[in-house]
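Everything on this sheet refers to the single structure shown next.
Each reported figure results from applying straightforward, stated rules to the coordinates on display, with no laboratory input. Predicted, not measured: the structure shown is a model, and the values here were computed from it. Every residue, glycine as well, gets a Cβ built from its backbone with ideal geometry; the counts of neighbours run over all protein chains shown.
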Amino acid sequence: MSHSPRILIVGCLGQVGLELQRSFAEVGEITARDRDTFDLAEPDEVRSLVRSVSPDIILNAAAYTAVDRAESEPEIARAANAQAPATLAEEALRLGALLVHYSTDYVFNGSKADPWTENDSPNPLNVYGASKLAGEEAIRAVGGRFLIFRTSWVYGPHGNNFLLTMLRLGRERDSLIVVDDQFGAPTTSIELAKATRTIVDGVLDGQFGSDSDWSGLYHMTCSGSVSWCGFAQAIFARAKALLNGKTPEVHPILSSDYPTLARRPKNSVLSNGKLNSRFGVRLASWDTALDEVIRKLKMSQEKA
Ligand SMILES: NC(=O)c1ccc[n+]([C@@H]2O[C@H](COP(=O)([O-])OP(=O)(O)OC[C@H]3O[C@@H](n4cnc5c(N)ncnc54)[C@H](OP(=O)(O)O)[C@@H]3O)[C@@H](O)[C@H]2O)c1
């Protein structure tokens with residue numbers, strides 16, 4: 001590419017979007033957009049946004065991510081998670097741009113004992129998972145230069161996430177009940193953005209060969225796995241300073257004791273083998289990545 005790349009970040013104020021803005025700051029000329037300036041659910045707005053920027057790279061971190069609410073708003077979830085990625089893929093193809101898109105472990109039904117690979121058949125249990133699967137399928141049907149990264153249990157120092165919810169509840173209560181029969185890989189927005197940057201750099205440098213050698217779907221999560229309850233315990237073991245010295249008790253419960261509007265998979269651990277072997281990229285283990293986020297939160301608390 002003779003010029004510095006034009007990069008469009010869609011969903012720039014979400015957890016992943018914020019970290020992508022940081023990671024890609026020096027890569028090229030960034031245009032960052034979120035709900036305040038356009039509606040992902042309106043195909044014409046998505047199309048005209050892409051046409052006005054004419055990007056070389058589209059990083060799509062926008063999505064309808066309210067898993068339970070999606071059960072009662074399937075059309076809105078579908079517009080953002082299936083129709084918008086289709087439009088982005090069509091526009092990327094027209095421009096010859098690279099589209100990077102994120103999908104979810106919730107495309108699987110959780111019935112497998114081992115980590116899920118890209119060759120396993122998706123079978124979502126909820127509306128959110130079905131809408132994200134439709135988005136993946138739409139991008140693959142359009143083709144072109146694309147990377148779909150399926151990830152899981154995303155959290156970080158900002159946004160709406162399990163870690164920040166646990167810290168809030170931990171300040172308010174002496175004990176908590178947390179589901180202990182759903183297993184996954186908590187993955188930080190920081191690790192996702194770093195890995196995305198490494199891979200996009202490699203694609204731009206031609207390290208991975210021609211488009212057909214690298215375009216496709218990859219699992220991208222922190223390594224290892226834990227239940228939500230184990231994750232909560234790990235958070236509280238590290239977060240005393242963030243909770244004024246308190247350590248709330250965490251009691252394991254079954255999913256059946258904590259009914260939610262959307263059903264969730266029991267095992268949604270993803271295998272990262274394809275990502276490792278194709279790009280040589282490995283994300284940190286979930287507990288090392290947790291240490292990093294806790295460290296960042298402590299630093300911001302000290303500064304405040
Ligand atoms: N969070 C997870 O645990 C998780 C797990 C697996 C995969 N993923 C995937 O990872 C990607 C990034 O997720 P995230 O956790 O960073 O999500 P997030 O924090 O919820 O960010 C999504 C962003 O998209 C924006 N958005 C939603 N609907 C929109 C609309 N109609 N028009 C314009 N903007 C809209 C949101 O704005 P508002 O905040 O105003 O709605 C938000 O800023 C998504 O593709 C998600 O499906 C997430």
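Label reach from Leu93 (point 7 Å along Cα→C-beta): in segment 117-159, amide nitrogens under 20 Å belong to 132-149. Taking Gly135, Gly209, Gly110 as the candidate residues, the one with maximal mean-square fluctuation in a Gaussian network model of the chain, Cα springs under 10 Å, is Gly209. Couplings 3J(HN,Hα) of segment 192-202, computed from phi: 5, 5, 4, 5, 4, 4, 4, 5, 5, 4, x Hz, in residue order, whole Hz [Karplus 6.51 cos²θ - 1.76 cosθ + 1.60, θ = phi - 60°; x for Gly and Pro].
State the extension gain, in nm to one decimal, for the chain segment bounded by Arg22 and Arg278, taking 0.36 nm per residue of separation less the distance between their alpha-carbons. Kindly include the intermediate steps, with their values, before the conclusion.
Details: separation 256, 0.36 × 256 = 92.16 nm, distance 2.48 nm.
Separation in residues times 0.36 nm, less the Cα-Cα distance, equals 89.7 nm.
Converting phi to 3J(HN,Hα) with the Karplus coefficients 6.51, -1.76 and 1.60 and the offset θ = phi - 60°, segment 204-217 yields 5, 7, x, 5, 9, x, 7, 3, 5, 6, 10, 4, x, 9 Hz in sequence order, with x at every glycine or proline.
In this label model, Ser255 and Arg295 are separated by 3.4 nm, measuring between points 7 Å along each Cα→Cβ vector. What residues from segment 75-97 fall in the zone where the backbone N is under 18 Å from a label point 7 Å along the Cα-to-C-beta line of Phe38? In segment 75-97, the label zone of Phe38 (backbone N under 18 Å from the point 7 Å along Cα→Cβ) covers 79-97. Placing a label point 7 Å from the Cα of Glu71 along the Cα-to-Cβ line, the residues of segment 251-289 whose backbone N sits under 20 Å from it are 253-268.
One decimal place: the segment Lys303-Ile177 gains 42.2 nm when fully extended, by the rule 0.36 nm per residue minus the C-alpha distance.
Less than 5 angstrom separates the built amide H of Ser103 from those of Phe149, Arg150, Thr151, all sequence-distant by 5 or more or on a different chain.
Name the long-range amide H neighbours of Val154: under 5 Å, sequence gap of 5 or more, or other chain; modelled H, no Pro or chain starts. Here Thr187 satisfy the definition. Derived scalar couplings between HN and Hα for segment 13-24 equal 9, x, 4, 6, x, 4, 6, 5, 4, 5, 5, 9 Hz in order, rounded to whole Hz, by the Karplus curve 6.51 cos²θ - 1.76 cosθ + 1.60 (θ = phi - 60°), x for Gly and Pro.
For the chain, what does -39500 (n - 2.57) per DSSP helix run (n ≥ 4), summed and divided by total residues, give at 222 nm, in deg cm²/dmol to the nearest 500?
Per the formula, -12000 deg cm²/dmol.
Roughly how many nanometres apart are two label points built 7 Å out from the Cα toward the Cβ at His3 and Arg168? With each label placed 7 Å out from Cα toward Cβ, I get 4.3 nm. Taken about its Cα centre, segment 23-123 carries a charge dipole of about 160 debye when Lys and Arg each add +1 at the Cβ and Asp and Glu each add -1 at the Cβ. The slack between Ala141 and Gln207, meaning 0.36 nm per residue of separation minus the straight C-alpha distance, is 21.2 nm. Highest mean packing comes first when the peptides 26-38, 174-186 are listed by Cβ atoms within 10 Å, giving 174-186, 26-38.
Taking packing as the residue-averaged number of other Cβ atoms within 10 angstrom, the listed peptides 256-268, 72-84, 239-251 run from highest to lowest as 72-84, 256-268, 239-251.
Computed across the chain, the Kirkwood hydrodynamic radius from all distinct Cα-Cα pairs reaches 19.8 Å. Backbone amide hydrogens, once placed in the peptide plane, bring Leu176 within less than 5 Å of Glu249, Val250, His251, excluding anything fewer than 5 places away on its chain. The modelled label-to-label distance for the pair Ser48/Ser285, using points 7 Å beyond Cα in the direction of Cβ, is 5.2 nm.
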